[in-house]
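Okay, structure first, notes after.
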Amino acid sequence: GTTLRFLLGRLSRLEGEFTIEVSARLSERPHEELFNFLSALGLSIHQQGNKYHLHSLGWGMDRDLATVNCSQSSQFASAILLNAFALPKPFSFRVQGLRSSLSYWEMTKNICRSANLRFTEQDGRVDVQAQCLVDSVPDCEPDLSSAFSLAAIAAIGNNPVCLRNLPKNSMQADVIFIKLLQQMGVEMHCLDHPLNSAKMDLRINPSRPFLKAIRFDFTDAPDLFPVTAALCSLARGTSILSGLHSLKFKESDRLEQSLKLIRMAGRSAILCGDEVSIHGSTEAAEDFIYDPDQDHRMAMAAAVLKASGQGIRILDPEVVDKSFPGFWDASGVIPQ
């Protein structure tokens, strides 16, 4: 989804005809609000099955101020700002409905500023000044959502694990996984990196069966929810997880899939409004087969339960390749 949305923004800056072919699942995900915004700038988008046919005139700089509705994804706004470089004159747009994943939007703005994009934002209006892109190479951080999945497996494993070269002051919302695990009682140590003062190594010691139930809001870091839900199903007590409204717009309906996974593992998971109550247990249920529904994060959540000793056969394990091709080797979990 991220790649498609950012690519649509890039192609909309160019003049020409383009065709993008996507998977059936990706074509079902919400993109309409971004399509509407780019259409207002002069991009014609026609969907035919799993193909998007684009006719682009480049951004029409003389058009009225357009609004992008980000109630379903902050990536719509990011796709616009990331492609607002090297414009012939100032450009403005409005961001509306942005109520989750705000830190991802903040990260986008910080990265653009570091590349010399000059803009201001006030009351949802973004004003981009005419500028030039600087010739620089950004220091790209590792995906902390994937790092969290390894840390979670380490927390319930048998041996200490060290995640190396993590950023000390990350722009990613998912860095909060460290505080989340600390709340659950996981023993961790942040170690200074021997060569780079801006990085650290994170050592995680096995903590099961002493995981604590937590109360946590995922509004700003929804990608952490599936793995956290799996961990909470192994904790002592009842965890209350909230801020879940954006989960249905991910690769799968991650709220529905997470509840399904937890219940298949014999745990109680009750949904009430925007909150889920998960009553944990250390006892394994009967073996079962789990289909992650084409979602890499759901496969990783199932891996957490499998690492705890639950007998699970995880179907379509290659789904993790979209974000972390080496996940199964790194985690030590055998999916089937």
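Screening the candidates ASP291, ASP329 for the property of being exposed (fewer than 14 other Cβ atoms within 10 Å of the Cβ) and at pLDDT 95 or above yields one hit, ASP329.
Give the residue that is nearest to ILE240 (Cα to Cα), with candidates limited to residues of the range 164-180 that are touching a residue at least 40 places away in the same chain (Cβ under 8 Å) and open to solvent by less than 20 Å² (accessible area, probe 1.4 Å). Among those residues, the one meeting the criterion is LEU180. Give the residue that is modelled with the lowest pLDDT, with candidates limited to residues of the range 3-51 that are under 19 Å from ASN69 (Cα atoms) and basic (Lys, Arg). This residue is ARG29.
Taken together, the residues in the range 33-45 that are within 17 Å of PHE93 (Cβ to Cβ), out of contact with any helix residue (DSSP H, G or I) (no Cβ under 6 Å at 6 or more places or on another chain) and open to solvent by 30 Å² or more (accessible area, probe 1.4 Å) amount to 3. ASP192 meets all of the listed conditions (1) among the acidic types (Asp, Glu); (2) touching a residue at least 12 places away in the same chain (Cβ under 8 Å); (3) open to solvent by 80 Å² or more (accessible area, probe 1.4 Å) but one, namely (2). Here the condition is being closer than 21 Å to ASP143 by Cα, of a type in the set (Ser, Thr, Tyr), in a loop (DSSP other than H, G, I, E, B) and touching an Asp or Glu at 6+ places or on another chain (Cβ under 7 Å); of SER197, SER252, it holds for SER252 alone. When you scan the range 209-224, do you find a residue that is in contact (Cβ under 8 Å) with a residue 40 or more places away in the chain and farther than 20 Å from LEU181 by Cβ, even just one? No, the range 209-224 contains no residue that is in contact (Cβ under 8 Å) with a residue 40 or more places away in the chain and farther than 20 Å from LEU181 by Cβ.
Just one of the numbered conditions (1) modelled with pLDDT under 95; (2) part of a strand (DSSP E or B) is not true of ASP220: (2). Consider the range 301-318 and keep the residues that are in a helix (DSSP H, G or I) and not basic (Lys, Arg). The one that is farthest from the chain's Cα centre (by Cα) is ALA307.
The values are calculated or read from the model by the stated rules, or taken from the named source; none is laboratory data. None of these values were measured; they are calculated from a predicted model. Cβ coordinates were reconstructed from backbone atoms using ideal geometry, including for glycine residues, and neighbour counts include every protein chain displayed. When the accessible area is computed, the model is the full protein with side chains, heavy atoms only, and any ligands, DNA or RNA have been set aside. Shrake-Rupley method; radii C 1.70, N 1.55, O 1.52, S 1.80 Å.
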